[in-house]
Amino acid sequence: MGLMVAGVFLVLALVVALGAIKIVPQGREFTVERFGRYTRTLKPGISFLTPFVEGVGRRINMMEQVLDVPRQDVITKDNVSVQVDAIVFIQVMDAAAAAYRVTNLDYAITQLTMTNLRTVVGNMELDEVLSQRDQINTRLLDVIDQATSPWGVKVARIEIKDLQPPPDITNAMARQMKAERERRAVITEADGEKQAAITVAEGQKQSAILQAEGRREAAFRDAEARERAAAAEAKATELVSNAIAAGDVNAINYFVAQKYVEAFAKLAESPQQKTVIVPADMSSLVGSIAGIGELVKSIGADNPAPRPPPRGRSGPAVPPTAG
């Protein structure tokens, strides 16, 4: 009998000990209630409770959680019905507030997100809804985070998963997009042709400028050449005129022979001339050539070449004595 009573007390002691020792896993927090009233929160690790007085109230998940917002029909500002669904990322920051300030935390956040999603999307037109998802996410995040703050919950982010307009609207948008792309293609092609035409015109302009500059330079060179030729001809004519004025017959013969030879050469170079007739009287031409030789000799006599100094003797040259 005594052993049975001792065994009963031992079992009771074990039950009490196990009930007093609480191990909280990582990522969780337990609330402690004393006679139904919240007293404290147990952090991860081992903790001890007062037997028969304190007990675990709520087990709160402190890790970040993902809530799926069901798909719903929302009417936009321009009276178009779209189907929208979203996901919400939340994290409990205050276990006591999450446990005792709201009933069914997940359901409350889901319903709050759905109502605000209808409000935000309903104030926007369809084009804005489809193109400004980031703006929708930001506005929802601000509103829901502020609303859930008293519940000890931090809303990390909200993402719109899908937006589905009606089939007729989708087809109209597809046609509009196709027309817009065709318009852009036509504009791009026209711009390309315009740029090509401008480039060709610029090239022709530069080519014309360069050709004009080349013609101007060639004309300048030709004029300079003709000017120099005319100057040389004038100088030669002046020399011949001076020689004629001095009574030099050889100069006259040289001048006549030169003109005769030039005329005869032009006659022989004519492309229409197949036959060249040489005049029988060549004595005048020979006489002119002889006159040229006499003229050259006379010029050489007037300007004798300097004699080289005598070889084999050094020292300063002795000037000749007067005769």
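Quick note: the coordinates plus some simple rules give every number you see, no bench work behind them. Here the structure is a predicted model, which means the values were calculated and not measured. All Cβ positions, glycine included, derive from the backbone under ideal geometry; neighbour counts span all protein chains shown.
Roughly how many whole Å is it from the C-alpha centroid of region 1-58 to that of region 67-122?
38 Å
For a footprinting-style exposure proxy, rank D106, D145, D191 by other Cβ within 10 Å, fewest first. Please list the in-between numbers first.
On the way: D106 13, D145 16, D191 10.
So the residues, fewest neighbours to most, are D191, D106, D145.
Could you give log10 I(q)/I(0) at q = 0.12 Å⁻¹ for region 1-110, computed by the Debye formula over C-alpha point scatterers of equal weight, without solvent?
-0.62
E125's amide H: which non-local residues (gap 5+, or another chain) put their own amide H closer than 5 Å, with H modeled 1.01 Å from N in plane and none for Pro or chain starts?
For E125, whose amide H was placed from the backbone, the distant partners under 5 Å are K77.
Relative contact order, percent, of region 65-165 when contacts are C-alpha pairs under 8 Å separated by at least 6 residues?
Dividing the mean separation by the residue count of region 65-165 yields 41 percent.
Which value results for Rg/Rh of region 65-165 when Rg is the Cα radius of gyration and Rh the Kirkwood radius based on the inverse mean 1/r?
1.00
At a temperature of 37 °C and a viscosity of 0.692 mPa s, determine how fast region 26-82 diffuses translationally according to Stokes-Einstein, using the Kirkwood radius over alpha-carbon pairs as Rh; express D in µm²/s, rounded to the nearest whole number.
This corresponds to a translational diffusion coefficient of 221 µm²/s.
Given region 9-59 reduced to its alpha-carbon atoms as identical point scatterers, what log10 I(q)/I(0) does the Debye formula return at q = 0.18, 0.25, 0.29 Å⁻¹?
Normalising to I(0) and taking log10 leaves -0.55, -0.91, -1.09.
Quick one: the Cα spread of region 132-204 along its three principal axes, in angstroms, biggest first?
77, 34, 13
Sorted by packing (mean other beta-carbon atoms within 10 Å per residue), highest first, where do 132-138, 113-119 land?
Answer by packing, highest mean first, reads 113-119, 132-138.
With no solvent and one equal point scatterer per Cα, compute the Debye intensity ratio I(q)/I(0) for region 51-118 at 0.15, 0.28 Å⁻¹ and report its log10, rounded to two decimals.
Debye intensities relative to I(0), on a log10 scale: -0.61, -1.26.
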